[in-house]
1. Quick check, is Arg409 touching a helix residue (DSSP H, G or I) at 6+ places or on another chain (Cβ under 9 Å) and among the basic types (Lys, Arg)?
2. From the set of residues in region 419-435 that are acidic (Asp, Glu) and outside any strand (DSSP E or B), which is least open to solvent (accessible area, probe 1.4 Å)?
3. Which condition from (1) under 28 Å from Phe89 (Cβ atoms); (2) modelled with pLDDT under 95 is the one that Ala29 breaks?
4. Does Gln55 count as polar (S, T, N, Q) and open to solvent by 50 Å² or more (accessible area, probe 1.4 Å)?
5. Just the residues that are without any contact (Cβ under 8 Å) to a residue 40 or more places away in the chain and open to solvent by 40 Å² or more (accessible area, probe 1.4 Å), please, taken from region 176-188.
6. Counting only residues that are over 18 Å from Asn269 (Cβ atoms) and touching a Lys or Arg at 6+ places or on another chain (Cβ under 6 Å), how many does region 43-63 have?
7. Can you find even one residue in region 117-136 that is surrounded by 17 or more Cβ atoms within 10 Å (Cβ to Cβ) and either in contact with a strand residue (DSSP E or B) (Cβ under 8 Å, 6 or more places away or on another chain) or under 26 Å from Phe223 (Cα atoms) (or both)?
Amino acid sequence: VGNYKRTVKRIDDGHRLCNDLMNCIHERARIEKVYAQQLTEWAKRWKQLVEKGPQYGTVERAWCAFMSEAEKVSELHLEVKGSLMNEDFEKIKNWQKEAFHKQMMGGFKETKEAEDGFRKAQKPWAKKLKEVEAAKKAYHAACKEEKLAISRETNSKADPALNPEQLKKLQDKVERSKQDVLKTKEKYEKSLKELDNATPQYMENMEQVFEQCQQFEEKRLRFFREVLLEVQKHLDLSNVASYKNIYRELEQNIKTADAVEDLRWFRANQGPGMSMNWPQFEEWSADLNRTLSRREKKKASDGVTLTGINQTGEQVSQPNKHSSSVSVQSNTVQSVQSSYNPFEDEEDTGSTVSEKEDNKIKNVSSYEKNQSYPTDWSDEESNNPFSSTDANGDTNPFDEDTPPAMEVRVRALYDYEGQEQDELSFKAGDELTKMENEDEQGWCKGRLDNGQVGLYPANYVEPIQ
């Protein structure tokens, strides 16, 4: 009696399991979304690095094909996320709403109906069971009383001080006890027989209600199986034709990389086959005496010679993308000043690459594709720009360097518009991170909150207290 509550509780468990399944799918959808976003960010960042880096020709296109693959796979995973949330999640949510109906006083209508059905089916049998328990208790009490009366009578026969009248009373009590035992036994057996007769009907009524609960649970189990199969289809990209095409196309792009073609292109564009700008007589021009900007003075102080300004003021075309600069840094090849190791384990902070690592990785290439080189030359080996260890490849750009200086948060006091591509632009009140202290020319190196790294005037900011 009362054990039907386990079956009734299963209905409440079914509602909770719907919530659990929805949460499970929601978390997986969030993972798919984050993975897709990270793939897109990775592809965008490395596509820029490869395009700006020294790699060229068909091998560059093959390398960039990996970024295209990441973008396409990102789209597929966003589709997976959409299918999980818009189809599977909503399907469970709607089914749960239709299958379980909340009551005003709490609980579910289905739970109350099942409990009422079990209680109604069990009530007549439970009443007879209660009568049986009462009859059994009365019979056992009568038996105990009979045994006690017989024991007293036996002990009184051995007692000579007991008069005949007292002995007669004890014998009468024994007789009454035996009669009570017979009556209670008969009543106990009768109630037990009635209970046995009612048991088949009781079992039938209880099974009928139980089968209704079984059918309700069967609907949930079949629905869960159906939803899980749909989730499996949405997660399984191996059967998606476009997914296979992504890697078929990636393989084709890699196989089209042609070393001979790339070398022929480099010879025609960067080697003996390129168009030459032989020196010609140039008249003196007043433009040569113009005042240099503060940033250009700094660059000039690093041992730089200004060249390429002709009489008409038209600048000779240079391969450098940053043609607005009239100064060239004396260091021809810069090794990576970074302790970033791409194979180190990520910190468990929810983000794949920290801001500092993101800024460091932007310097992964030792020089840019269209980097300009100094025009000074000398027969002395000490002035040979190609004799440095970096140029000879003796140093590893991924070796760890000394750790950077302590970073400090600062706030802009005035608006500043960067004059060079390596300078930052900001508004008064903006906050940024100072990465290096002020140099001799009064410039600091810093990083904006969007990750851009560059120089700015030291007196334009103040530390944040």
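The values are calculated or read from the model by the stated rules, or taken from the named source; none is laboratory data. All of these numbers come straight from a predicted model, not from anything done at the bench. With ideal geometry, Cβ positions are generated from the backbone for all residues, glycine too; neighbour counts draw on all protein chains shown. Just the protein is used for accessible areas: all its heavy atoms, side chains included, with ligands, DNA and RNA removed. Shrake-Rupley method; radii C 1.70, N 1.55, O 1.52, S 1.80 Å.
1. Criteria not met by Arg409.
2. Step one: filter region 419-435 for residues acidic (Asp, Glu), giving 420, 422-423, 430-431.
Cutting the leftovers down to outside any strand (DSSP E or B) gives us 420, 422, 430.
Details: Glu420: 30, Asp422: 50, Asp430: 65 Å².
Looking at residues that are acidic (Asp, Glu) and outside any strand (DSSP E or B), I get Glu420.
3. The number of the failed condition is (2).
4. It is true that Gln55 is polar (S, T, N, Q) and open to solvent by 50 Å² or more (accessible area, probe 1.4 Å).
5. Scanning region 176-188 gives Arg176, Lys178, Gln179, Asp180, Leu182, Glu186.
6. Within region 43-63, residues that are over 18 Å from Asn269 (Cβ atoms) and touching a Lys or Arg at 6+ places or on another chain (Cβ under 6 Å) number 0.
7. yes
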